[in-house]
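The values are calculated or read from the model by the stated rules, or taken from the named source; none is laboratory data. In this text, all values refer to a predicted model and were calculated from it rather than measured experimentally. Here the Cβ is made from the backbone with ideal geometry for all residues, glycine too, and neighbour counts use every protein chain on show. Quick note on the areas: whole protein, heavy atoms, side chains included, nothing else; ligands and nucleic acids left out. Shrake-Rupley method; radii C 1.70, N 1.55, O 1.52, S 1.80 Å.
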Amino acid sequence: MNLASSRSHCIFTISIEARKSDSEKVRRSKLHLVDLAGSERVAKTNSSGVILQQARYINSSLFYLEMVIVALYEKATKGRSHIPYRNSMMTSALRDSLG
């Protein structure tokens, strides 16, 4: 998601559409290949400046992904209605595949 840094998440999406020659029915598939940056332990690495800012973005987006996964579980088990997809760009991009 960050073109200037290798310390970021990467989402590669493959979209496929197929139709038999004798049919009007179109089948659509989407495959997301996701490479998540690792959680950063700021206190242990003594990060500062740009690296600290990148670590904050990485940690917050991983936290938001966790929030969405927990909310989806609660929706299935406890009837929760709201899923916070819009908290991060990553969860927004993966919304149709997460649930």
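Shown here is the pair-distance distribution of segment 48-99: with all Cα-Cα distances grouped in 5 Å bins from zero up to the longest one, the shares run 4, 22, 24, 20, 13, 8, 5, 3, 1 percent. Each stretch of four or more DSSP H residues adds -39500 (n - 2.57); spread over every residue of the chain, this sum gives -13000 deg cm²/dmol at 222 nm. A 1.4 Å probe run over the protein chains yields, for the chain, 77 Å² of accessible area per residue, whole-number rounding. Length gained on full extension, VAL70 to ARG28, computed as 0.36 nm times the residue gap minus the Cα-Cα distance: 12.3 nm. Full extension of the segment from ARG56 to ARG95, taken as 0.36 nm per residue of separation minus the current Cα-Cα distance, would add 11.8 nm. Using a probe radius of 1.4 angstrom, the carbon and sulfur fraction of the accessible surface of the chain is 53%.
Once both labels are positioned 7 Å from their Cα atoms along Cα-to-Cβ, the gap between ALA43 and ILE16 label points is 4.7 nm.
All C-alpha pair distances within the chain, sorted into 10 Å bins from zero, spread as 14, 34, 28, 17, 6, 2, 0 percent across the bins. Pairs of alpha carbons in segment 24-66 separated by more than 18 Å make up 46% of all such pairs.
Accessible area per residue (1.4 Å probe, heavy atoms of protein chains only) ranks ARG56, ARG95 as ARG56, ARG95, with the largest value leading.
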